[in-house]
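One structure is given here, and the rest of the page talks about it.
The values are calculated or read from the model by the stated rules, or taken from the named source; none is laboratory data. In this text the structure is predicted, and so the values were computed from the model without any measurement. FYI the Cβ positions are ideal-geometry reconstructions off the backbone, even for glycines, and counts take in every protein chain you see. Accessible surface areas use protein heavy atoms only, side chains included; no ligands, DNA or RNA. Shrake-Rupley method; radii C 1.70, N 1.55, O 1.52, S 1.80 Å.
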Amino acid sequence: MKHLFAAASIAALAASITTTSFAEEKTAWRLFVSDHAEPVINVVDALTGNKIDTLPLKGPASLYRSASGRTVFAVQGKADAVSAVSTGIAFEDHGDHGDIEVTAPRLTGTEITGTKPSHFVEHGGEFALFFDGEGVARILDEKTALEGGTGVREVKTEAPHHGVAAVFGDYVLSSAPNREKPDELPVGIRVTDRAGKQIGNIHACPDLHGEATSGRLLAFACATGLLLVRDGDNGPSIEHLPYPASPSGKATTLLGGKGLQYFLGNYGADRLLLIDPSAKDMFRQVDLPTRRVHFAVDPIRPRFAYAFTEDGQLHQVDIVAGKIAQSVKLTDAYSMDGHWSDPRPRIAVAGDRIAVTDPLKSQLHLVDAIGFARTGDIPLAGKPFNIVAVGGSGETHATE
Ligand code: ZN
Ligand code: ZN
């Protein structure tokens, strides 16, 4: 595989001549792809297109990667389990440079069980898994997940509901269910301390659904606006930011910008809402040509996010300009008519490549993030569906 990195290696070798070390630059990106129907994760080398391994699960999974990229969590809602995967790509800070260590991806053995796992939130290095069927959050850290541990701390809410929890320093934020109708969306956020004691009143957030972290901010989407959580003098400080008066709408999925502090949410079927809490013009709308299938932020080029629409196009959204900058057609039409969970494309950013799953064609499509042109396809049996990418570049030392 070494020849693939020839260009990078020559640059690294040229640099090493003056530094007398034998460090070599190495780049690795992996795609973790779940199947719409089968209980598996396929691991694909994003640079060569080769399949590295197929990891068995108990049920079809939603996938989440940790901020460090060392762990991928497979939330198997119908199999009542959440499994941890070591991605096999780890970075270590060596002060003036970073090292990359690449090993085989594997299931770590960590499997957190409970009824109907749903939302997954990482904040401050801790993962909160919410189990709707119990109304319970189970919290663990990355070390535990990588070592195959199953030690969790639990935060219980009043009733089973489609909820969410997030660790915030010494506190946990958890959804407060609708008391009369717990099968409807939660009505607010409750703050509890380490001992489980409630701090202050419930922060109202009608029809709470959707959450994200960006910079130091955590946000929840409500029917009326966003709940913004930041560090306060005595625990988390929570503020409600109402949506613009027109057009009316609400976000139910939120993503947090990486490198730029902003949130991106859905706002109607064919519109995105750009939220910059520090700007004078806090809310901007980005109109899409047709209904939205999926959207993702670019963790490497903070200026951009991507949206896939039902006409088969991938759009590059310029966050600064607040509009679509470029579009590329990738698939046949994927209508949003039908069930919300039907197999439809999903997006992940792997370095300079954007990967889009095409479940009905058993393929991943690759788009060059710089030129925004389609550069290739990777065949993958079955219905490739949810996808996350981990990787980057670092040094490996020939001698220590
Ligand atoms: Zn090093
Ligand atoms: Zn949900």
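Observations on the model:
- At the listed q of 0.12, 0.15, 0.25, 0.27 Å⁻¹, the Debye profile of the range 239-299, built from one uniform point per Cα, gives log10 I(q)/I(0) equal to -0.27, -0.43, -1.17, -1.31.
- Difference of contour (0.36 nm per residue) and Cα-Cα distance, residue 290 to residue 106: 62.3 nm
- 10 Å-binned pair-distance histogram of the range 156-280 (Cα, whole percent): 13, 45, 33, 8, 0
- Cross-link reach list, lysines versus residue 258, counting only Cα pairs under 21 Å and skipping chain neighbours closer than eight places: 280, 323
- Options 254, 338, 49, ranked by Cα towards positive dipole end of the chain, top entry (Cβ charges): 338
- Cα lying deepest toward the dipole's positive end in the chain, options 268, 325, 232, charges on Cβ: 268
- Principal-axis analysis of the Cα atoms of the chain puts helix 6-19 at an angle of about 80° to the longest axis.
- Computed over protein heavy atoms with a 1.4 Å probe, the carbon and sulfur contribution to the accessible area of the range 254-377 reaches 51%.
- Cα centroid separation - the range 316-368 against the range 131-183, whole Å: 31 Å
- Every Cα-Cα pair in the range 288-366 was counted, and those over 14 Å apart are 59% of them.
- For the chain, size of Cβ-based charge dipole, Lys and Arg +1, Asp and Glu -1, in debye: 620 debye
- Distance between the pseudo-spin-label points of residue 216 and residue 150 (7 Å out from Cα toward the beta carbon): 3.9 nm.
- Binning the alpha carbon pair distances of the range 43-103 at 5 angstrom intervals from zero yields the distribution 4, 15, 20, 23, 18, 10, 6, 3, 1, 0, expressed in whole percent.
- Cβ-placed point charges (K, R +1; D, E -1), dipole of the range 281-363 about Cα centre in debye, nearest 20: 180 debye
- Kirkwood-based Rg to Rh ratio, the range 80-131, C-alpha trace: 1.11
- Listed by chain and number, the lysines whose C-alpha is less than 19 Å from the C-alpha of residue 383, apart from same-chain residues fewer than 8 away, are 51, 58, 78, 361.
- Computed with the Debye formula from one identical point scatterer per Cα of the chain, without solvent, the log10 of I(q)/I(0) at q = 0.09, 0.14 Å⁻¹ comes to -0.55, -1.35.
- Å² of accessible area per residue within the chain, as computed with a 1.4 Å probe and no ligands counted: 44 Å²
- Size descriptors for the range 327-400: radius of gyration and Dmax over Cα atoms are 15.3, 58 Å.
- Sequence ranges 164-177, 256-269, ranked by mean other-Cβ count within 10 angstrom, highest first: 164-177, 256-269
- Computed from label points 7 Å out along Cα-Cβ, the spacing between residue 240 and residue 96 is 5.5 nm.
- Dipole in debye (nearest 20) - the range 199-284, about Cα centre, beta carbon charges: Lys, Arg +1; Asp, Glu -1: 180 debye
- Note on the range 76-206: the C-alpha convex hull projects to 9.6 nm² when averaged across all orientations.
- Distance distribution P(r), the range 243-377, all Cα-Cα pairs, bin width 10 angstrom from 0: 13, 45, 34, 8, 0 percent.
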